[in-house]
Every structure is written in C-alpha cells, then in structure tokens.
Amino acid sequence: MRLYEFEGKSLFKKYEIPIPEGRTAAGINEVAQIVRELNKPVVIKAQVLTGGRGKAGGVKFADNADTAQSVAENLFNLKIKGYPVNLLLVEPKYEIKREFYIGVTIDRANYKLVVVASGEGGVDIEETAEKHPEKIVKKTLSVQQELYTFEALEIAKQIGITSEHLKTVARIIVNLYLMFKATDAKLVEINPLVLTADNQLIAADSRVSLDDDALFRHPELKAMGIEKRHEEGEMTSREKQATEWGIPYLDLDGDIGMFPGGAGFGIMGNDFIHYYGGQPANFMDSGGGPSPERIAKMLVLLDENPDVKAIFGARFGGISRCDDFAKGVVMFLKEHGLSKPIVMRMTGNMWQEGVKIFQDAKNENPELFEKVEFHGIETPIEEISRRAVELAGMKGGN
Ligand code: GDP
Ligand code: MN
C-alpha cells in the first residue's frame, strides 16, 4: 500500500528524520492561509500516489499568498498520470545545495533487506542504476540484522557526505532502516534528502510502501489516519463493483468477455483467444466453489460492459460443481437476460447434470437460450475459444 508524501513524512518525523514544517490543504483558500502563516516562499506539492510529480508539473513554488493561490488552482486542475489532485502539501521552500538519495527495500531474489544510497538524488533512481551503477551504494542485510552506526557512516561517506554532516546522515540512515522494519514496509525512500544552503539536512520527499498484509499489526498507523485503502484512481467502475462483490476482476482492452471457472482456465482461455486472433475484455476468477448468485454476478459484469461483443465460458468442475455453475447461469438468464452471445463448456464434477440443467431450461424457455451455445466434454476448449472469437465478429480459426 502506497502512502502519500505527507503520510510518509509523518512517519519520518516519528522516527526522528527531519522534515519540512508543512501542512496539507484541500482548497485554494486554505493554501493561501498556510502561506500567510508561514510568511516565506513555499513549495506546493500535489499529493498523488505516484512518483515523478516534479516532471509532471506537480511541484511548484510561490513567493506569497496570492501567487500561491493561483499556483494551487492550477495544481488542483492537474491530472498526474491519470490521478486527480485533491490535496496539496505546502512547505517552506529551501535553498538546496545538494540532493541525495537514501532508500531501504527488499532484495527478493536473495531474501534480504537492502539499503540503497546515492550522491545523485532528486532524479529517478532506476535511471541512475541503469546509466551509472557506480553511483549507487548498496548494503545488504539479513532481516534479523541491525544496521550499525559505523556501517551507516560508511554508506554516508561513500555517497560523498562531508565530515561535518556524516553523523547526521548516518543517524538518518539508521532511523530509516528502523522505520522500515518497525512499520513492515516494502519500500521507504527519501528522494531527495537535501543539504540546504544553511547546512541543514532535510527529507524533502518521501516514498513509502507498506505491506497490506501486515497492517493489522499496526494500530498506531490507523491512529495516524493511515488505513488500508483501495487505490481508487487505478480502478475502473467495473473493477470497483467486482471488488465489492468479492470477485477478482481486471478490465482489459479487448471485446471478448472472459467467464472462466478459476484463474487457470482464465489464463489458458486468454492464450487461446489471442491465438485465434481475439482480444479478451477482462480477466476474472470465480474463486473456489462459487454459489449460483456469484456466477450470476460474474455474468452481470460482462453483459453490462458495452465493450464486450461475445462471452467465452469455461467451467471445470473440481471443488466446484458444474450443476451449480449451470444453475447460476440459468438464474442470470431468467432474472437479467443476456444481450451478448455466449459460448461455454463444462467438464469435470457433475458436468452431465450441468448440461441437463441447461437442456431442461432451454426446453422450457427456448427464447432465453437464443444466444447461448453450451458444450460438454465432447468439444475441446480450443474450439470454444475459436468460436468466441468468431462470435465477436472477428475471423475465427486458422
Ligand atoms: P517527485 O518529482 O514526485 O519525486 O517530487 P519531489 O518532492 O522529489 O520534488 C521534485 C524536485 O523538486 C526535487 O528533487 C527538488 O529538486 C525540487 N524541490 C522539492 N522541494 C524543494 C524545495 O523546498 N526547494 C527547492 N529549491 N527545490 C525543491
Ligand atoms: Mn522525489
């Protein structure tokens, strides 16, 4: 879970890493008020859950309350990589002599923690790592290990901190490492750590990502207003609806609605659809043993998506049963109706019963099944995929 800059900085403060005396504002008058109270030039920063705000025009300066107000107005109208700007952070502007980078993250390949530092801060660290790997210092530690002051001093020296600031920077590095562990973080970054014209060392930006699964261990974060959240800006309305219903769902760019029984069929169906020249409109997982109600909801997501031209369905009855699957589909057809053609196949646990449920329902209400083609084990999954592509109006087969 990514934190906003101001949230990350509030954690820095708790771990005695110096930060600017800033405040957040949700409106332009509030921004002007803060600037009047600070009574000095400020930096105004868009609070969005993405990096590279500087380059995207999300970090601006102002010398007085009036300028600040118009700068703020522009910022509130900005979208940064698709994210709307609803909150600004207003801080005193510092004269910067030098910018450094300090971070702690997980080295997944080696099951270790790694402290990363560089004398080239303020820029994209990934870019530095690629173009000038020699400008990056890394210190790998096991999860149990402490980072000792002498080691932090060594890192500080290697990134070009001069002797008068070594102790201060070493303390910041040690504290950042402590914070990383104590908050169950996945990533903590100060970029840039700035050396100001009056020789202060200050964390001018924060990037913090915490482990969602460990949040329950941290009531203190909730007390600070840091709570588990969906990164709303990233979810489509259908993805939000699916999340509410507890259905793992992702929108894609194509026009074939994917209605698989389980993620495995979802991935395989995705491959076959591409193979036959089609494009899936989504990825979805039904989860183990879905109820007929849940099956019906999955179909609602697909049928109400205007991009979907045809639906591909595949159910392998394992833990779940094909008769439950068929009941869910019939329930959906009766209650909601289907506006898109669907081709589906059932095999595995109780598949004959499933096919019979379809057949009976079709005999009873043939009009409900006008757009439905159903198959059992006799039809291979490749054929279902090819047919879905054909139904979507593309050229099927090859
Ligand atoms: P990011 O682009 O999202 O990483 O946002 P940052 O908070 O890192 O800001 C981008 C850049 O703006 C920094 O690297 C600094 O060069 C500059 N900046 C941020 N705060 C200040 C400040 O107080 N004074 C000055 N002069 N520059 C700042
Ligand atoms: Mn930054």
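The values are calculated or read from the model by the stated rules, or taken from the named source; none is laboratory data. On a predicted model such as this, the values are computed, not experimentally measured, just so you know. Reconstructed Cβ throughout: ideal geometry from the backbone, glycine too, with neighbour counts over all protein chains shown. For accessibility, only protein heavy atoms count, side chains too; no ligands or nucleic acids. Shrake-Rupley method; radii C 1.70, N 1.55, O 1.52, S 1.80 Å.
K138 to T105: extension gain in nm, 0.36 nm per residue of separation minus the Cα-Cα distance?
Extra length from K138 to T105 when fully extended: 10.8 nm.
Could you work out the equivalent-ellipsoid semi-axes for the chain, taking the square root of 5 times each eigenvalue of the Cα gyration tensor, largest first, in whole Å?
54, 25, 18
Antiparallel as a % of all DSSP beta bridges within the chain, to the nearest 5?
75
Using the heavy atoms of the protein chains and a 1.4 angstrom probe, tell me the accessible area per residue for the chain in square angstrom.
49
So for region 250-375: antiparallel DSSP bridges make up what percent, rounded to the nearest 5?
10
What are the ³J(HN,Hα) couplings of region 206-213, residue after residue, when phi is run through the Karplus curve with 6.51, -1.76, 1.60 and θ = phi - 60°? Round to Hz, x for glycine and proline.
Coupling constants for region 206-213: 9, 9, 10, 10, 9, 7, 3, 6 Hz.
So if we plug the beta-carbon distance of E146 and H336 into 1/(1 + (r/R0)^6) with R0 = 56 Å, what FRET efficiency do we get, rounded to 0.05?
The calculated FRET efficiency here is 0.40.
Where does each of K45, K181, K79, K40 land when they are ordered by accessible area, with a 1.4 Å probe and the largest first?
Reading off the accessible areas and sorting them downward yields K79, K40, K181, K45.
Check every DSSP H run in the chain and write down those whose alpha carbon atoms cover 24 angstrom or more along the long axis and whose mean Kyte-Doolittle hydropathy is 0.0 or greater.
163-182
For the chain, what is the charge dipole size about the Cα centre, in debye to the nearest 20, if Lys and Arg each add +1 at the Cβ and Asp and Glu each add -1 at the Cβ?
The calculated dipole for the chain is roughly 660 debye.
What percent of all Cα-Cα pairs in region 237-397 falls into each 10 Å bin, going from 0 up to the bin containing the maximum distance?
Result returned by the calculation: 12, 46, 37, 5.
Under 10 Å, Cα contacts only: if you run a Gaussian network model on the chain, which one of R23, R321, R217 comes out with the highest mean-square fluctuation?
Looking only at R23, R321, R217, the biggest GNM fluctuation is shown by R217.
If r is the Cβ-Cβ distance from K167 to A263 and R0 is 41 Å, what FRET efficiency results, to the nearest 0.05?
0.20
With point charges of +1 on the Cβ of Lys and Arg and -1 on the Cβ of Asp and Glu, referenced to the Cα centre of the chain, which listed residue (Y177, A152, G393) lies farthest in the positive direction of the dipole?
Projecting each Cα onto the dipole axis, the largest value belongs to A152.
How many nm is it between the label spots at N77 and L178, if each spot is 7 Å from the Cα in line with the beta carbon?
Calculated label separation equals 4.6 nm.
Please list, in chain and number order, the residues 5+ apart from L187 or on another chain whose amide H is under 5 Å from its amide H, with Hs placed from the backbone.
Residues meeting the amide H criterion: S209.
Straight-line reach from K60: which aspartates and glutamates have a Cα under 16 Å away, not including same-chain ones fewer than 8 places off?
E5, E73, E91, E95, D205
What's the ranking of 48-58, 169-179 by average number of surrounding C-beta atoms within 10 Å, highest first?
So the order, starting with the most tightly packed, is 169-179, 48-58.
If we sort 311-317, 59-65 on the protection proxy, mean other Cβ atoms within 10 Å, highest first, what's the order?
311-317, 59-65
Over 22 Å between C-alpha atoms is what I'm after, so list which of K14/K139; K14/K167; K13/K138; K181/K222; K297/K327 land there.
K14/K139; K13/K138
FRET efficiency for E127 and N365, Cβ-Cβ distance as r, R0 = 51 Å, nearest 0.05?
Efficiency, rounded to the nearest 0.05: 0.25.
How long, wide and thick is region 21-92, going by the Cα atoms along their three principal axes, in whole angstroms, largest first?
Cα extents, longest axis first: 32, 17, 17 Å.
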